[in-house]
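J.: Below is a structure I'd like to ask you about.
The values are calculated or read from the model by the stated rules, or taken from the named source; none is laboratory data. Treat the numbers as computed from the prediction; the structure is a model and nothing was measured. Every residue, glycine among them, receives a Cβ derived from its backbone with ideal geometry; neighbour counts consider all protein chains shown. The area values use the complete protein model at the heavy-atom level, side chains included, leaving out ligands, DNA and RNA. Shrake-Rupley method; radii C 1.70, N 1.55, O 1.52, S 1.80 Å.
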Amino acid sequence: MNLSASITAFLLASGFTGGAAFVPSSLTTSPQTTRLNAAVKEWSPTSWTNDDVVAKQMPEYESQEELEDAIQTLNKKAPLVFAGEVRRLHDQLAQVSQGQGFVLMGGDCAESFKEFNVNHIRDTFQVMMQMALVLTFGSSQPVVKIGRMAGQFAKPRSEPMEEIDGVSLPSYRGDNINMEEFTPEARRNNPHLMVDAY
């Protein structure tokens with residue numbers, strides 16, 4: 001069964017609970033993409049600290065010593081994604097960019113440590129597999145499944161501070177950075193939360 005171009009475009013553009021679609025670079029180029037490509041070429045494990053590359057949402061930590069300790073702890077951990085998996089995904093995305101498949105990316109926009117459990121991940125995975133089955137059947141094409149889950153613990157914010165009843169504290173930026181409770185202790189940017197997220 002072949003899908004029409006309009007149905008294919010709809011499936012790719014549909015926002016399934018945090019879903020996203022892969023659009024080949026030949027179809028879209030933006031100044032942001034150009035800047036990102038330049039930054040990626042210069043990537044290193046410490047490039048996130050470079051002022052030219054750092055995202056505007058990067059948290060500031062009070063204690064450089066605490067930050068260094070958290071980084072050293074993370075440096076000793078095993079990778080969460082292995083090189084072979086990255087190479088395989090790269091090859092699969094190359095095939096998709098040539099029209100030989102689809103990408104289905106899904107997961108929550110943001111997660112909290114409290115919601116992070118096996119049942120939630122299993123249920124999300126099950127929905128993604130069902131969606132992939134429909135896409136595979138409908139398109140007669142392979143579907144590259146990418147789960148954005150178990151790690152979406154940071155949230156961008158439009159304002160650095162939040163005010164409630166005349167009290168101003170740093171905005172909640174996700175459990176990877178600070179905690180949701182509206183107290184000075186909870187809203188402090190804590191680099192060791194990155195270790196907890198790992």
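J.: Taking H as built 1.01 Å from N, whose amide H comes closer than 5 Å to the amide H of residue 105, not counting residues under 5 places away?
T.: Placed amide hydrogens put 20, 146 under 5 Å from residue 105.
J.: Return the percentage of antiparallel bridges among DSSP beta bridges fully within region 43-198, rounded to the nearest 5 %. Write down the numbers at each step before the final one.
T.: Details: 4 of 9 bridges.
Roughly 45 percent of the DSSP beta bridges within region 43-198 come out antiparallel.
J.: Continuing with this model, one more query. How much of the accessible area of region 150-191, probe 1.4 Å, is carbon plus sulfur, in whole percent?
T.: Numbers: 1220 of 2380 Å².
Roughly 51 percent, rounded to a whole number.
J.: Now for a different question. Can you tell me how region 53-96 classifies by the Cα gyration tensor, rounded, prolate or oblate, using a/c under 1.5 as the rounded cut?
T.: On the way: a/c = 6.09, a/b = 1.89, b/c = 3.22.
Cα axes put region 53-96 in the oblate bin.
J.: Separate question: Hey, can you grab everything whose amide H is under 5 Å from the amide H of residue 179? Only 5+ residues off in sequence or another chain; H modelled, so Pro and N-termini drop out.
T.: Result for residue 179 returns 187, 188.
J.: Would you work out what percent of the accessible area of region 62-148, with all protein chains in place, is carbon or sulfur (probe 1.4 Å)?
T.: On the way: 3520 of 5990 Å².
The C+S portion of the solvent-accessible surface of region 62-148 is 59 percent.
J.: Could you state the accessible area per residue of region 95-147 in Å², with a 1.4 Å probe and every protein chain left in place?
T.: Numbers: 3190 Å² over 53 residues.
That works out to 60 Å² per residue.
J.: Apply the Karplus curve 6.51 cos²θ - 1.76 cosθ + 1.60, θ = phi - 60°, to the phi angles in region 182-195 and return the couplings in whole Hz, x for Gly and Pro.
T.: Once θ is set to phi - 60°, the couplings for region 182-195 become 8, 9, x, 5, 5, 7, 5, 5, 10, x, 6, 5, 5, 5 Hz.
J.: Rounded, prolate or oblate, given the Cα gyration tensor of region 90-133, with a/c below 1.5 counting as rounded?
T.: Details: a/c = 3.67, a/b = 2.22, b/c = 1.65.
Taking the square roots of the gyration eigenvalues as a ≥ b ≥ c, region 90-133 is prolate.
J.: Going highest first, how would you order 98-105, 42-49 by mean Cβ packing within 10 Å? Mind dumping the intermediate values first?
T.: Numbers: 98-105: 16.4, 42-49: 10.2.
Packing order, densest peptide first, comes out as 98-105, 42-49.
J.: On a 1.4 Å probe surface of the protein chains, which of 113, 125 comes out largest in accessible area, and what is the full order?
T.: 125, 113
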